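Only one structure is covered here, and it is reproduced in the block below.
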Amino acid sequence: MKSISENLEMDPDWDTPLRLTLTPASIIETVFLTAHSAHTGDQSCVDQSLVVMETTAIDDQSENYCRFVEQEYVEEEDTEMTWHDWAVEIKIDNVMIVGHWRAMVTGSPSDWEWCAVEAEKAFATACVLVGKRVRRGIVVDPPSAAPRPSQTHH
């Protein structure tokens with residue numbers, strides 16, 4: 001019977017490269033399941049002039065990356081509609097895989113919260129593909145322009 005230390009010596013090294021077969025379809029169906037839209041391409045669909053926030057996780061061993069982007073744009077057909085878009089972009093080799101969650105800028109806070117949470121979860125999951133871990137951060141919103149409730153002293 002082998003001791004525990006002998007068994008550990010026979011286990012594969014933690015840095016052993018693994019080979020997986022991933023397809024854009026498998027990534028879209030698992031990572032971007034809740035996205036309003038998802039697509040592939042050979043270049044980014046993000047317009048840098050519309051970006052309001054961006055975070056990128058880069059693979060240390062290659063040029064692959066995962067990027068979380070928030071952008072705002074006006075609907076081409078209806079200039080009265082402005083959208084906030086949460087996009088998660090994965091680049092593996094020469095393939096871009098992108099999921100989008102979007103809500104109207106004037107939309108309900110619950111729509112915004114749902115989109116943000118779903119996109120953040122997708123980003124955290126996708127970052128595993130480039131060997132990175134993501135932790136949720138705290139964001140402090142600027143003061144609201146809404147009228148403040150009256151104060152009562154007791």
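With neighbour counts taken as other beta-carbon atoms within 10 Å, the residues M53, M96, M104, M10 rank, fewest first, as M10, M53, M104, M96. In plain terms, the residue of V51, V130, V31 with the fewest other Cβ atoms within 10 Å comes first and the most crowded comes last, giving V51, V130, V31.
Sorting L33, L20, L129 by the number of Cβ atoms found within 10 Å of their own Cβ, with the fewest placed first, yields L20, L33, L129. Considering only L129, V74, P109, the residue lying farthest towards the positive end of the dipole of the range 35-130 is L129, judged by Cα position with unit charges set on Cβ. Taking every C-alpha pair closer than 8 Å and separated by at least 6 residues, the mean separation divided by the residue count of the range 35-130 gives a relative contact order of 30 percent.
Coordinate-derived values only; no laboratory data. Computed from a predicted model, the values in this text were never measured in an experiment. When we count neighbours, we look across all protein chains shown, and the Cβ atoms used for this are built from the backbone with ideal geometry, even at glycine.
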